[in-house]
Amino acid sequence: MSQLKRPSFDDPHGQAVVIPAGVSEDWWQPQPANGHAEVILSPRNIKSVHQFSMGTQTMPVGGTVRIHAHDRSEEVLYVLQGHGTAVVDGKEEPMEPGTTLFLGHNKSHTFHNSGTQEIKWVWFFMPGGLEDFFEQIGRSRTAGEAPPLPFARPADVKAIEASTVFSTDV
């Protein structure tokens, strides 16, 4: 999808968009995370003065988002369900419903579902771009479909990370 023309506060009004459940881009994630990442808002479907992306990520029991950092982005996560562990700059933090994490640029972080059910969080990513990564490493998902068998990350994942929103220093 192409990005929309970016507005300014000099425009008379901003945009208002309502996204119904089950119609957003959704991507099955490869190992070791597994689960899926839904991209609800991004520069692909909204015009915002301050560019950002927003969505959810659902990770099954035992899933792990490998350690990484973002050199030009900031990230906010809000845990909706499940229990897990975040490790931020080497410090373990519990993830449980109601936990909020703010991850500034170049803060290394990893997440692990150490609970007994799926963990799900809402993510906000500024200035956006996480949607490009999810699309390039994932497989398209339709709401309600059964999860695929676990699949490997693409062989060129390092190049994908370098071309999207990931720091190459972690």
Exercise. If R0 is 45 Å, what FRET efficiency do you get for T110 and A16 from their C-beta distance, rounded to 0.05?
Worked result: 0.80
For this session: Check cross-link reach from K47 to the aspartates and glutamates: straight Cα distance under 18 Å, and skip same-chain residues fewer than eight apart.
Result: D10, D11, E25, E131, D132
For this session: Grab the eigenvalues of the alpha-carbon gyration tensor for the chain, scale each by 5, take roots, and send me the semi-axes largest first in whole angstrom.
Result: 25, 19, 17
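Can you give the direction-averaged projected area of the convex hull of the alpha-carbon atoms in the range 97-170, in nm²? Kindly include the intermediate steps, with their values, before the conclusion.
On the way: hull surface 26.5 nm².
Taking a quarter of the hull surface, the average projection is 6.6 nm².
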Exercise. Leaving out same-chain residues fewer than 8 places away, which lysines sit with a Cα under 16 Å from that of K91?
Worked result: K107
Exercise. How high is the relative contact order of the chain, in percent, with contacts defined as C-alpha pairs under 8 Å that are six or more residues apart?
Worked result: 27
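No value in this document is a laboratory result; all are computed from the given coordinates. Since we're looking at a predicted model, the values are computed, not measured. Every residue, glycine among them, receives a Cβ derived from its backbone with ideal geometry; neighbour counts consider all protein chains shown.
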